[in-house]
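One structure is given below, encoded as structure tokens.
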Amino acid sequence: MKILVVGGGGREHAIIKKLKEDARAEKIFALPGNGGIAADAVCLGGSATDILAAVAAAKRYAVDFVVVAPDDPLALGMVDELEAEGFACFGPRKNAAVIESSKAFSKDLMKKYGIPTAAYEIFTELDKALAYVDACPLPVVVKADGLALGKGVLICETREAAREAVRSMMEDRLFGDSGATVVIEEFLTGPEVSVLSFTDGETVVPMVSCMDHKRALDGDQGLNTGGMGTIAPNPCYTSEIAAECMEKIFLPTIRAMKAEGRPFKGCLYFGLMLTAEGPKVIEYNCRFGDPETQVALPLLESSLLEIMLAVSKGTLAEAEVKFSEKSACCVILASKGYPEKYEKGFPITLPAAGRDESIYIAGAVEKDGKLLTSGGRVLGAAAVAENLPAAVERAYALADRIHFDNACCRRDIGRRAMKALEEKK
Ligand code: AMP
Ligand code: GLY
């Protein structure tokens, strides 16, 4: 089979490497791909949001299957266009991708169908939003309605900060039109868990649970980033909690989307907080998480291609989806200064990855046969081992064999999870 994967980050590299384990994946194209993905797929360049280019590439290379990985082309309706041209796809249509691209939509969906989430109000008028934050309990969470590269969420401890957050989104349009509508919600506390799932609109099969590390610096300090590292499984997510999530969150969400005439096919990501009152949804993403994918897929023992084809055909209930009992860790090596200003263009020295180790390239270009840094998050060093401490140790040992100027990483990926494991004993 010929497969086109849309996207060009570490997540897509992990998807492509996993797809290649199935002998039927004879050729993989990536749009745009990146300098590192080029070792595993034919990279077409261009932009992941270019729907015309994706349709043209699918036709030109006569691909049998398309995987659309990032949120923005999904929100723009890339799957709808590809399907209209007769291509089988993995990924939700535009009317289902809205579960991520509009927080107002997803909050109203959860309210309507009784899915546990933080209490909230939606505002489209500045004055009303300001009046609300003048009286609501603190801290309070202010969110831009639309996509904002993971940055449209502000946790405000004071009224002053909440007013400033509302103004920055609604008046100054810090996140453009994404902030025309804001969601203001109750502040929740508890461990966070990311659960990615496969769903064909009827059946939902959760993957191994993950823990992301979103802040830039050790000890969960510093700015929010796209994710500085992940571990799986997440020790806070017990089998009892998993059963509760299936009954109260996963199945109700899939049924709700179907009932709304927006059947969701693809990977639905549940961002959960395990509160004292039980698990609640913090956010939905309409796609694989990055860098959650870099730990979930290495633990997948079944064929990703087979599962994706089943999702697309609506036969997921018959597919085998089996995860290993082992643990995985992925450490992100970033460019110093990320998520703010950073320099790029430094050569990367990659060691050979051993068994159960993978290097997933996120931000690199190839120039004259050399791999050069080109992004904030440059790559992920991932390892699988018998248990979490061993996976963390191996991932760091791999990361420490990779070199480029201005490389930086958190040194405490997995530490909180290992503490939770100790406490469980
Ligand atoms: P989101 O972009 O919705 O994933 O939000 C980014 C991060 O903000 C989440 O991973 C949480 O750590 C935090 N967050 C979002 N909503 C809430 C909430 N209602 N209460 C506490 N923290 C939140
Ligand atoms: N790692 C969080 C996300 O992919 O949204």
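The values are calculated or read from the model by the stated rules, or taken from the named source; none is laboratory data. As the structure is a computational prediction, the values presented were derived from the model and not from experiment. Using ideal geometry, Cβ is built from the backbone for each residue, glycine included, and neighbour counts are taken over all protein chains shown. Areas reflect the complete protein model, heavy atoms only, side chains present, ligands, DNA and RNA absent. Shrake-Rupley method; radii C 1.70, N 1.55, O 1.52, S 1.80 Å.
Looking for something touching a Cys at 6+ places or on another chain (Cβ under 8 Å) and either crowded, with 21+ Cβ neighbours inside 10 Å or part of a loop (DSSP other than H, G, I, E, B) (or both) - is there at least one such residue anywhere in region 359-377?
First, the residues of region 359-377 that are touching a Cys at 6+ places or on another chain (Cβ under 8 Å): 360.
Right, trim to either crowded, with 21+ Cβ neighbours inside 10 Å or part of a loop (DSSP other than H, G, I, E, B) (or both) and you get 360.
Yes: one or more hits.
Being among the hydroxyl-bearing types (Ser, Thr, Tyr) and touching a Cys at 6+ places or on another chain (Cβ under 7 Å) is true for just one of Ser302, Ser327, Ser312. Which residue is that?
Ser312
For region 164-217, which strands (runs of 3 or more DSSP E) that fit wholly inside it have 1 or more residues that are open to solvent by 20 Å² or more (accessible area, probe 1.4 Å) and more than 16 Å from ligand 1 (Cβ to nearest atom)?
Answer list for region 164-217: 204-206.
Which ones in region 230-266 are within 16 Å of ligand 1 (Cβ to nearest atom), touching a helix residue (DSSP H, G or I) at 6+ places or on another chain (Cβ under 8 Å) and under 30 Å from Lys313 (Cα atoms)?
Thr253
I'm trying to understand the selection: among the residues of region 83-100, which are more than 18 Å from the chain's Cα centre (by Cα) and buried (at least 24 other Cβ atoms within 10 Å of the Cβ)?
Scanning region 83-100 gives a single hit, Cys89.
So for region 378-389 (the condition being assigned to a loop (DSSP other than H, G, I, E, B), open to solvent by 50 Å² or more (accessible area, probe 1.4 Å) and on the phi > 0 side of the Ramachandran plot), does at least one residue qualify?
Among the residues of region 378-389, not one is assigned to a loop (DSSP other than H, G, I, E, B), open to solvent by 50 Å² or more (accessible area, probe 1.4 Å) and on the phi > 0 side of the Ramachandran plot, which makes the answer no.
Does Gly337 meet the test of being out of contact with any Leu (no Cβ under 6 Å at 6 or more places or on another chain), more than 27 Å from Leu268 (Cβ to Cβ), at pLDDT below 95 and open to solvent by less than 40 Å² (accessible area, probe 1.4 Å)? Show your work before the answer.
Details: out of contact with any Leu (no Cβ under 6 Å at 6 or more places or on another chain): yes; more than 27 Å from Leu268 (Cβ to Cβ): yes; at pLDDT below 95: no; open to solvent by less than 40 Å² (accessible area, probe 1.4 Å): yes.
In short, no.
Residue-by-condition table, conditions (1) surrounded by fewer than 18 Cβ atoms within 10 Å (Cβ to Cβ); (2) not in a helix (DSSP H, G or I):
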| position | (1), (2) |
| --- | --- |
| Phe264 | no, yes |
| Leu274 | no, yes |
| Lys280 | no, yes |
| Phe288 | no, yes |
| Ser302 | yes, yes |
| Leu305 | no, no |
| Met308 | no, no |
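For region 136-153, enumerate the residues that are part of a strand (DSSP E or B) and either over 16 Å from Ile122 (Cα atoms) or under 23 Å from the mean Cα position of the chain (by Cα) (or both). Write out each step before concluding.
Start the filter on region 136-153 by keeping residues that are part of a strand (DSSP E or B), which leaves 140-144, 153.
Once the filter is applied, which keeps residues that are part of a strand (DSSP E or B) and either over 16 Å from Ile122 (Cα atoms) or under 23 Å from the mean Cα position of the chain (by Cα) (or both), region 136-153 yields Val141, Val142, Lys143, Ala144, Val153.
If we scan region 311-321, do we find a residue that is open to solvent by 40 Å² or more (accessible area, probe 1.4 Å) and in contact with a Lys or Arg (Cβ under 6 Å, 6 or more places away or on another chain)?
Checking region 311-321: not a single residue is open to solvent by 40 Å² or more (accessible area, probe 1.4 Å) and in contact with a Lys or Arg (Cβ under 6 Å, 6 or more places away or on another chain).
Could you please find all residues in region 46-77 being in contact with a helix residue (DSSP H, G or I) (Cβ under 6 Å, 6 or more places away or on another chain), in contact (Cβ under 8 Å) with a residue 60 or more places away in the chain and under 21 Å from Ala14 (Cα atoms)?
Of everything in region 46-77, those that are in contact with a helix residue (DSSP H, G or I) (Cβ under 6 Å, 6 or more places away or on another chain), in contact (Cβ under 8 Å) with a residue 60 or more places away in the chain and under 21 Å from Ala14 (Cα atoms) turn out to be Val66, Val68, Ala69, Asp71, Leu74.
State all residues of region 368-417 that are without any contact (Cβ under 8 Å) to a residue 40 or more places away in the chain and out of contact with any Lys or Arg (no Cβ under 6 Å at 6 or more places or on another chain); if no residue qualifies, say none.
Answer for region 368-417, where residues must be without any contact (Cβ under 8 Å) to a residue 40 or more places away in the chain and out of contact with any Lys or Arg (no Cβ under 6 Å at 6 or more places or on another chain): Asp368, Gly369, Lys370, Pro389, Glu393, Ala397, Asp400, Arg415.
Which members of region 154-163 meet the condition of being within 16 Å of ligand 1 (Cβ to nearest atom), over 23 Å from the mean Cα position of the chain (by Cα) and surrounded by 15 or more Cβ atoms within 10 Å (Cβ to Cβ)?
Listed by number, the residues that qualify are Cys156, Ala161, Ala162.
If you check Phe264 against the conditions, is it farther than 18 Å from Lys111 by Cα, in contact with a Lys or Arg (Cβ under 6 Å, 6 or more places away or on another chain) and aromatic (Phe, Trp, Tyr)?
Judged against the criteria, Phe264 is not a match.
When region 1-17 is examined, which residues are found to be under 20 Å from the mean Cα position of the chain (by Cα) and open to solvent by 20 Å² or more (accessible area, probe 1.4 Å)?
Gly8, Arg11, Lys17 - these are the residues of region 1-17 that are under 20 Å from the mean Cα position of the chain (by Cα) and open to solvent by 20 Å² or more (accessible area, probe 1.4 Å).
Would you check which residues across region 310-352 are under 25 Å from Asn387 (Cα atoms) and assigned to a loop (DSSP other than H, G, I, E, B) and list them?
Glu320, Val321, Lys322, Ser324, Glu325, Lys326, Pro351, Ala352
I'd like the full set of residues that are within 10 Å of ligand 1 (Cβ to nearest atom), of a type in the set (Gly, Ala, Ser) and either in contact with a Ser or Thr (Cβ under 8 Å, 6 or more places away or on another chain) or open to solvent by 10 Å² or more (accessible area, probe 1.4 Å) (or both), limited to region 107-153.
Ala119, Ala144, Ala148, Gly150, Gly152, listed by residue number.
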